[in-house]
Amino acid sequence: MLAIGLFVVTLLSGVLGGLFSRHKFADFLQATGSFVSLLLAGWIAKIVIFDGNILIYSDHLIYIDALGAFNIMLIAMVGFAAAVYSVGYMRYEVAEGFITRVQLGRYYFFFHCFILSMLWVSSVDNLGMLWVGIELTTLISALLVSFYGTQHALEAAWKYLIMGVVGIGFALLGIVFLYMSGLNTMNPAAALQWSSLMVVADQLNPQWVEIGFIFILIGFGTKAGLAPMHFWLPDAHSQAPAPVSAVLSGVLLNTALYGIFRIFAIANLTLHGQAAKYLIGFGLFSIAVTVPFIMVQKDLKRMLAFSSVEHMGIITLAVGFGGPLGLYGAFLHMFNHSMTKSLLFFAAGDVAQKYHTKFMDRIFGVLKALPFTGIVMLIAAFGVAGAPPFSIFLSEFTIMLAGAASGHIFAAGIFALLIVLIFAGMSYYVLKMIFGKMPVRTVHQTDFWMKTAMSMLLVFVIVGGLYVPEPLVYAIHAAVAIFQGGIK
């Protein structure tokens, strides 16, 4: 019953944080609950990877395989770091009068409900329930995007909801087509079960599967921030509180990709490898679209949001390249991006909070004003831009090799050129902010809780470029096996 325990603990973390928000121990309660969730997620991942899938209740209501366990672990890790970071970040907001303790309670409740909705998406076998879970992540996260209630925040949340609903409508239609593809070969009651569809993937109607996959790729791709359906993402990331932006970029986008990859595993078997061309096209286009936007960006958090579009494109491209190396590179990059981008949003949140602005031309001398955050921001920015010896460089290099090995040399070459341009654009802006004279006004030092959260993720960014821990290697190989051999 570990999976049920994970859901209950995550929900309780939000409920307790909300109920006792007037007391400072609510901060500790929600962070402790998030830590327990992390321990349970790690335990679940260990069981799935080494002992086999977790099945609960009839018709696989709860179904966790290696792919789901990998995403659950990522959600729990980023969720815990963001919960710890939220303590320091929100205490500053309360102290400065930007929010009340009652609003803080609402934040904690919706934050952990948001985490819970993503855990649910990663734990179901029924594609209809997966669709419901992804829709739920949209509704809950929209409340967090609009948390401050400003005109810009409400506009961003509305734009996010409209595009999310349109996208999820496409995805629902795609799931209907996928369901129809199996009606002649399997029991209709099982035609929405992912595990059942994988078993008979080579017998499904290829026309229906291809149409369904395209609709799902567009639908869930909207939520994942794939271009050209990405326009909600910069606004939402810019207006949400920094810890929410970290979770949005670090794991929500991954969860939408998770839904795409579930269907891709079926479609690629049915279409004999031809589904990969769609991932390569959308992936490469998403990377290319971000180049001009990063080059001319003025808002720090919007620049990081466009960087997230780039990295979702990289992961999608890698799965499209396929093969053991491409899939390994994709999931390694998914992990590395979650750690690095969440860390960078933490650093950017501290900077924006202390400088009282997100506009990069008003931010300078960060290294002198906030020494710890300045160092973290410099490392994370170079890391997310793909500079060696940090973790993302390793996964991007692996993906380039996979492109060449799979015969997509032209696509791999374009990919390499694009990330060099993006590296140049991000480096220009970050170096201007990090160095320079210290601002005249007083800048408060970084809170202990925020430093703790950033330190946890910083370890993965630095060490991950030099050494990939064996547990992570096992987890990635187990997830890759889902695409190569189906279910265990």
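Report whether or not Pro292 is open to solvent by 10 Å² or more (accessible area, probe 1.4 Å) and more than 21 Å from Val473 (Cα to Cα). Spell out the reasoning first.
Values: open to solvent by 10 Å² or more (accessible area, probe 1.4 Å): yes; more than 21 Å from Val473 (Cα to Cα): yes.
Yes; evaluated as a whole, the condition is true for this residue.
Could you tell me how many of the residues in the stretch 330-388 are at positive phi, surrounded by fewer than 21 Cβ atoms within 10 Å (Cβ to Cβ) and free of Cβ contacts under 8 Å to residues at least 60 places away in the same chain?
Filtering the stretch 330-388 for residues at positive phi gives 356, 365, 386.
With the extra rule that they be surrounded by fewer than 21 Cβ atoms within 10 Å (Cβ to Cβ), the set shrinks to 356, 365.
Those left that are additionally free of Cβ contacts under 8 Å to residues at least 60 places away in the same chain: 356.
Going through the stretch 330-388 one residue at a time, the tally reaches 1.
Note down all Cβ pairs under 8 Å where the first residue falls in the stretch 316-327 and is open to solvent by less than 10 Å² (accessible area, probe 1.4 Å), the second is of a type in the set (Lys, Arg), and they're at least six residues apart or on different chains.
Correct list of pairs: Gly320/Lys277.
Give the residues of the stretch 102-121 that are of a type in the set (Gly, Ala, Ser) and modelled with pLDDT of 95 or more, sorted by residue number.
Keep residues of the stretch 102-121 that are of a type in the set (Gly, Ala, Ser), which gives 105, 117.
Residue satisfying the conditions is Ser117 alone.
When residues of the stretch 88-109 are filtered for being surrounded by fewer than 20 Cβ atoms within 10 Å (Cβ to Cβ) and either in contact with a strand residue (DSSP E or B) (Cβ under 8 Å, 6 or more places away or on another chain) or within 30 Å of Ala171 (Cβ to Cβ) (or both), how many remain?
1
Criterion first (among the β-branched types (Val, Ile, Thr), over 22 Å from the mean Cα position of the chain (by Cα) and open to solvent by 60 Å² or more (accessible area, probe 1.4 Å)) does Val420 satisfy it?
Numbers: among the β-branched types (Val, Ile, Thr): yes; over 22 Å from the mean Cα position of the chain (by Cα): yes; open to solvent by 60 Å² or more (accessible area, probe 1.4 Å): yes.
Against the criterion (among the β-branched types (Val, Ile, Thr), over 22 Å from the mean Cα position of the chain (by Cα) and open to solvent by 60 Å² or more (accessible area, probe 1.4 Å)), Val420 qualifies.
Give all pairs with beta carbons closer than 6 Å in which a residue from the stretch 209-227 that is under 9 Å from Leu178 (Cβ atoms) meets a residue that is not in a helix (DSSP H, G or I); count only pairs at least 6 apart in sequence or on separate chains.
These pairs meet every condition: Phe213/Ala275.
List the pairs whose first member sits in the stretch 80-105 and is free of Cβ contacts under 8 Å to residues at least 12 places away in the same chain, whose second member is assigned to a helix (DSSP H, G or I), and whose Cβ atoms are under 7 Å apart, counting only residues at least 6 apart or on separate chains?
Note: pairs meeting the criteria are Val94/Arg101; Val94/Leu104.
Can you say whether Gly281 is surrounded by fewer than 23 Cβ atoms within 10 Å (Cβ to Cβ) and not in a helix (DSSP H, G or I), as far as the supplied structure shows?
On the way: surrounded by fewer than 23 Cβ atoms within 10 Å (Cβ to Cβ): yes; not in a helix (DSSP H, G or I): no.
Against the criterion (surrounded by fewer than 23 Cβ atoms within 10 Å (Cβ to Cβ) and not in a helix (DSSP H, G or I)), Gly281 does not qualify.
I need the full set of residues from the stretch 6-34 which are in a helix (DSSP H, G or I), of a type in the set (A, V, I, L, M, F, W, C) and surrounded by 16 or more Cβ atoms within 10 Å (Cβ to Cβ), in order please. Let's see the steps before the verdict.
Residues of the stretch 6-34 that are in a helix (DSSP H, G or I), as a first pass: 6-19, 25-34.
From the residues that got through so far, the ones that are of a type in the set (A, V, I, L, M, F, W, C) too are 6-9, 11-12, 15-16, 19, 25-26, 28-29, 31.
Matches in the stretch 6-34: Leu6, Phe7, Val9, Leu11, Leu12, Val15, Leu16, Ala26, Leu29, Ala31.
Tell me which helices (runs of 4 or more DSSP H) are completely within the stretch 193-267 and hold 3 or more residues being open to solvent by less than 10 Å² (accessible area, probe 1.4 Å) and modelled with pLDDT of 95 or more, or say none if there are none.
Values: elements: 194-199, 206-224, 232-239, 242-247.
Hits in the stretch 193-267: 206-224, 242-247.
Would you mind stating whether Leu74 is assigned to a helix (DSSP H, G or I), surrounded by fewer than 24 Cβ atoms within 10 Å (Cβ to Cβ), in contact with a Gly (Cβ under 9 Å, 6 or more places away or on another chain) and not small (Gly, Ala, Ser)?
Values: assigned to a helix (DSSP H, G or I): yes; surrounded by fewer than 24 Cβ atoms within 10 Å (Cβ to Cβ): no; in contact with a Gly (Cβ under 9 Å, 6 or more places away or on another chain): yes; not small (Gly, Ala, Ser): yes.
It is false that Leu74 is assigned to a helix (DSSP H, G or I), surrounded by fewer than 24 Cβ atoms within 10 Å (Cβ to Cβ), in contact with a Gly (Cβ under 9 Å, 6 or more places away or on another chain) and not small (Gly, Ala, Ser).
When you go through Val199, Val244 one by one, which is the residue that is among the β-branched types (Val, Ile, Thr) and within 27 Å of the chain's Cα centre (by Cα)? Walk me through it before giving the result.
Details: Val199 fails: within 27 Å of the chain's Cα centre (by Cα).
That would be Val244, the only listed residue that is among the β-branched types (Val, Ile, Thr) and within 27 Å of the chain's Cα centre (by Cα).
Do any residues in the stretch 1-26 that are touching a residue at least 60 places away in the same chain (Cβ under 8 Å) have Cβ atoms under 6 Å from those of residues that are open to solvent by 30 Å² or more (accessible area, probe 1.4 Å) and basic (Lys, Arg), where the two are at least six apart or on different chains, and which pairs are they?
Going by the 6 Å Cβ cut-off, the qualifying pairs are Ser21/Arg101; Arg22/Arg101.
Which one of Gly413, Gly425, Gly365 is of a type outside the set (Val, Ile, Thr) and closer than 25 Å to Leu325 by Cα?
Working: Gly425 fails: closer than 25 Å to Leu325 by Cα; Gly365 fails: closer than 25 Å to Leu325 by Cα.
Within the list Gly413, Gly425, Gly365, the selection yields Gly413.
Which one of these is open to solvent by 10 Å² or more (accessible area, probe 1.4 Å), within 18 Å of Ser338 (Cβ to Cβ) and among the hydroxyl-bearing types (Ser, Thr, Tyr): Ser406, Ser427, Ser455? Write out each step before concluding.
Details: Ser406 fails: within 18 Å of Ser338 (Cβ to Cβ); Ser427 fails: within 18 Å of Ser338 (Cβ to Cβ).
Among Ser406, Ser427, Ser455, only Ser455 is open to solvent by 10 Å² or more (accessible area, probe 1.4 Å), within 18 Å of Ser338 (Cβ to Cβ) and among the hydroxyl-bearing types (Ser, Thr, Tyr).
Regarding the stretch 54-61, can at least one residue be identified that is open to solvent by less than 60 Å² (accessible area, probe 1.4 Å) and within 21 Å of Ala246 (Cβ to Cβ)?
There is no residue in the stretch 54-61 that is open to solvent by less than 60 Å² (accessible area, probe 1.4 Å) and within 21 Å of Ala246 (Cβ to Cβ).
Are there any pairs, at least 6 apart or on different chains, whose C-beta atoms fall under 9 Å, with the first in the stretch 188-206 and more than 15 Å from Ile263 (Cβ to Cβ) and the second open to solvent by less than 20 Å² (accessible area, probe 1.4 Å) and modelled with pLDDT of 90 or more, and if so, which?
Note: pairs meeting the criteria are Ala190/Leu197; Asp202/Thr270; Gln203/Thr270.
Is it the case that some residue within the stretch 36-46 is open to solvent by less than 50 Å² (accessible area, probe 1.4 Å) and farther than 26 Å from Ala330 by Cα? If you could, list the steps in order and put the result at the bottom.
Pass one, the stretch 36-46, residues open to solvent by less than 50 Å² (accessible area, probe 1.4 Å): 37-38, 40-42, 44-45.
Within this subset, residues satisfying the condition of being farther than 26 Å from Ala330 by Cα are none.
The answer is no; no qualifying residue exists.
Exactly one of (1) open to solvent by 10 Å² or more (accessible area, probe 1.4 Å); (2) over 20 Å from Gly17 (Cβ atoms) is unmet by Phe80. Its number?
(2)
Conditions (1) surrounded by 17 or more Cβ atoms within 10 Å (Cβ to Cβ); (2) assigned to a helix (DSSP H, G or I); (3) at pLDDT below 95, marked per residue:
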site: Ile162; (1), (2), (3): no, yes, yes
site: Val165; (1), (2), (3): no, yes, yes
site: Ile168; (1), (2), (3): yes, yes, yes
site: Gly174; (1), (2), (3): yes, yes, no
site: Asn184; (1), (2), (3): no, no, yes
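The values are calculated or read from the model by the stated rules, or taken from the named source; none is laboratory data. On a predicted model such as this, the values are computed, not experimentally measured, just so you know. FYI the Cβ positions are ideal-geometry reconstructions off the backbone, even for glycines, and counts take in every protein chain you see. SASA here: full protein model, heavy atoms, side chains in, ligands and nucleic acids out. Shrake-Rupley method; radii C 1.70, N 1.55, O 1.52, S 1.80 Å.
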